[in-house]
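Novice: The structure follows.
The values are calculated or read from the model by the stated rules, or taken from the named source; none is laboratory data. As the structure is a computational prediction, the values presented were derived from the model and not from experiment. Heads up, the Cβs are rebuilt from the backbone with ideal geometry, glycines too, and the neighbour counts pull from every protein chain shown.
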Amino acid sequence: MRSIYLITTVALLGLSAASCAAIAGVDSYSKGSCSGGDCDAGADVTARVPDARADRSTQGDTGTVHTDATVDSSGSGGDAEAGPPPPPFDSGGDGPKSTKGGDAGDATSPEAGCGALGTTTNCTACGVGCDTRNAVGATCTGAACQYTGCLSGWADCNATAPDTDGCETNTATTSNCSACGVTCDTTESTGASCNGASCVYTGCAAGWADCNTAAPDSNGCETQTNTITNCGGCGVACDTTHSTGATCDGTTCHYTGCAAGWADCDTSGTNANGCETPTDTTTNCLACGASCDTTHSAGAACTTTGCTYASCSAGWADCNATAPNLNGCETQTNTITNCSACGAACDTNHSLTPSCDGTTCQYAGCAANYYDCNTAAPDTNGCETFVASSTNCGACGQTCDTVHSIGASCVGGKCQYTGCQAGYGDCNTTAPDTNGCETPLNTTTNCGACGAACDTSRSNGATCTGTTCDYASCKTGYADCTKTAPDTDGCESSLSSTTSCSACGDVCTTTNAKAGGVSCTGTTCAYTCAPGFADCTTGSAPDLGGCATPTTTTSNCGGCNNVCTPNNASADSCNGLTCSYTCNSGYVDCDKTTAPDTNGCECAGTACCPGGCQTAHSNGMGQTFYDCNPTKTYTPATALEACNAYGATLAGWGTTYSCGDGWWCSGVNPTLVCVQNMAGTVSYAPCWAYSTTKSSGTAGVNLQGDVTGDTCPYVASATWN
């Protein structure tokens, strides 16, 4: 069998999209464009169709179409139509159909007056042809039609054999929109339609929206619009950045509160932005729209309590600073209610026609009996002075005292007072008495009361505390012993009295004193004591103890501080006049006749001399002897005493040895006292020289020459006395 392929170009004008595709069974090799149901002018439609030996030509008023067919036919006629031609083929032209011989096909079934079966015109039976109106590339398997594709806007949704209806389904319906089984939503969507590519809706049920419009948009109004992510519309999310408790009622976002420092100022529309406004700015200070003033205020700032301002424009003031103080410097200061400052109101009580120049109040005049005595800016009190008042008694500035006076009033041009402040008195009441309680009562001339003068006759350095006089000192011999306020008598007490002896309250005692034996010198008490007593504190002025000490004790024997000291004695006592002792051996009390004899047995020796104690002498040999002679007294008697002191140390003294005269170098007259045996022989014995010409005062062994005739003189080995 011979196949012929022809390429045909058709210029289609004014045809529908279906008509364009239906012409001659255009298959997937076609190319062209249709828009709005019209084929674009000059669009090429190329069909590739097998030729069965013969050509069929159809001419219309839109152009020429050459199509391979299974039989030869020719015709001429009008416009091509979109509907499917009846088998075996219908050109759709306005000329008569003509068929001529040619091969009827390769079908194996016998012809039944309709041609062979298994073709697209007689697929499973005579007259059962494959629908090619909306289908492309139709073939027949002998059991069913098959198609390679569908025209735009159509689909083969019922493919059940023999599927002769082909692309039977319009894909521009709401039940099969753009594809088989794609059903446009009608649950929450209204006015559903299909444009062939996607579902289209005229509206949504209340509370729903079509947020996902991607073709084919079969879910329609799939989104609820009462959530905080889609509130009142698609993608309208309620704020959670500065807002708390976000909810949606289907049209508008609502919030339970805002984060600190933020507010929901823009509630328009869905209010999705929530608490969008910071409240620490001068345009929204603590609240929405709360703008700090900039008209008459400078340096506006917003704090945690409200607006603050650095300054005000000239002639303006911030009089109402109550938080949040949005109005700032709201007050003009050139009015009679706020003249130069907030609240500085010009007087209207006793002043006429007040005005303000921005600095001070001005008045046209004053009411009767009133004067403007205080004109200092801003002069808000105006004609403040009533000339019969205590502040201007009889004239401007003639003010009754209120500094130290109480209950001031003005009567007949004279000030009167109900009392004085503490520490002051009205001592000068001469009219108009504006000085009132002019006198401080803390002076020495008016101390505690008018005319209460502090003493100066016996007192020095008088001052006043306000209630009583004080004095720096008293004149000599006086003291301020009675200080009862106001103590104007000052140093009233003589310090020479026994009741105030040298000081207030120093009373001299009369105990153990003789009658009339107590007096005061001005510095201390003086006493004449009764027998057996003494005043032992006389050195401690003012000596108030008096005759308190008995004089019969060994600590005050016969007088104060006469302490009997038992030196070198075994006992002591006092008879009220003098001490007495029991002396130890070798000691004597030589001044016992001199009361109070407090030194005990004061003398070493055996007796007393007329002048007191004996003199102690050294005999040069290690012994001491006592007598009433002074030292360096060299006489036979003293030499004998020196010898006896030595001899007392010798065994046999008084029986074998004694002291006797001796001579220097066989001199004629005795000049020594030497130790001798009882026979009177002196030989090699200690001697004590007393001659003024023979080395008196020397002592030692062999001072005297011996019998063998030693050379004279001999040198003494020691001194004595």
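Novice: Taking the stretch 342-361 as the region of interest, how many residues are assigned to a strand (DSSP E or B) and crowded, with 19+ Cβ neighbours inside 10 Å?
Specialist: Adding up the residues that qualify gives 3.
Novice: Pairs, please: C-beta under 8 Å, at least 6 apart or cross-chain, first residue touching a residue at least 60 places away in the same chain (Cβ under 8 Å) and in the stretch 334-358, second assigned to a loop (DSSP other than H, G, I, E, B) and among the acidic types (Asp, Glu)?
Specialist: none
Novice: Still on this structure: Starting from residues that are surrounded by fewer than 20 Cβ atoms within 10 Å (Cβ to Cβ) and in a loop (DSSP other than H, G, I, E, B), keep the ones in the stretch 134-152 and report whichever is modelled with the lowest pLDDT.
Specialist: Here the answer is 142.
Novice: Sort through 534, 548, 541 and tell me the only one that's of a type in the set (A, V, I, L, M, F, W, C), within 28 Å of residue 494 (Cβ to Cβ) and at pLDDT below 90.
Specialist: 541
Novice: Then there is this: Which residues, taken from the stretch 261-281, are of a type outside the set (A, V, I, L, M, F, W, C), within 16 Å of residue 303 (Cα to Cα) and crowded, with 20+ Cβ neighbours inside 10 Å?
Specialist: Passing the criteria: 277, 279.
Novice: Right, here's the next one. Which residue, of 196, 220, 233, is touching a residue at least 24 places away in the same chain (Cβ under 8 Å), part of a loop (DSSP other than H, G, I, E, B) and crowded, with 20+ Cβ neighbours inside 10 Å?
Specialist: After applying the criteria, what remains is 220.
Residues are listed down the side, and each one gets a yes or a no for (1) at pLDDT 90 or above; (2) hydrophobic (A, V, I, L, M, F, W, C); (3) over 23 Å from residue 340 (Cβ atoms); (4) in contact with a Cys (Cβ under 7 Å, 6 or more places away or on another chain):
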residue: 256; (1), (2), (3), (4): yes, no, yes, no
residue: 265; (1), (2), (3), (4): yes, yes, yes, yes
residue: 283; (1), (2), (3), (4): yes, no, yes, no
residue: 290; (1), (2), (3), (4): yes, yes, yes, no
residue: 299; (1), (2), (3), (4): yes, no, no, no
residue: 303; (1), (2), (3), (4): yes, no, yes, no
residue: 306; (1), (2), (3), (4): yes, no, yes, yes
residue: 314; (1), (2), (3), (4): yes, yes, no, no
residue: 319; (1), (2), (3), (4): yes, yes, no, yes
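Novice: Moving on. Considering (1) buried (at least 20 other Cβ atoms within 10 Å of the Cβ); (2) among the acidic types (Asp, Glu); (3) at negative phi, say which one residue 249 fails and leave the rest.
Specialist: (1)
Novice: In this structure, is residue 513 crowded, with 19+ Cβ neighbours inside 10 Å and either closer than 30 Å to residue 577 by Cα or of a type in the set (Phe, Trp, Tyr) (or both)?
Specialist: So residue 513 passes the test.
Novice: Oh, and also: Go through the stretch 528-553 and give me each residue that's under 23 Å from residue 575 (Cβ atoms), buried (at least 17 other Cβ atoms within 10 Å of the Cβ) and of a type in the set (Ser, Thr, Tyr).
Specialist: Answer for the stretch 528-553, where residues must be under 23 Å from residue 575 (Cβ atoms), buried (at least 17 other Cβ atoms within 10 Å of the Cβ) and of a type in the set (Ser, Thr, Tyr): 549, 551.
Novice: So, one more: Take residue 716 and tell me if it is assigned to a loop (DSSP other than H, G, I, E, B) and either modelled with pLDDT under 60 or out of contact with any helix residue (DSSP H, G or I) (no Cβ under 9 Å at 6 or more places or on another chain) (or both).
Specialist: yes
Every residue, every condition in (1) among the hydrophobic types (A, V, I, L, M, F, W, C); (2) in a loop (DSSP other than H, G, I, E, B); (3) free of Cβ contacts under 8 Å to residues at least 24 places away in the same chain, yes or no:
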residue: 160; (1), (2), (3): no, yes, yes
residue: 182; (1), (2), (3): yes, yes, no
residue: 211; (1), (2), (3): yes, yes, no
residue: 250; (1), (2), (3): no, yes, no
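Novice: Something else now. Given the criterion out of contact with any Gly (no Cβ under 8 Å at 6 or more places or on another chain) and among the small types (Gly, Ala, Ser), identify the matching residue among 358, 365, 315.
Specialist: Going through 358, 365, 315 in turn, just one is out of contact with any Gly (no Cβ under 8 Å at 6 or more places or on another chain) and among the small types (Gly, Ala, Ser): 365.
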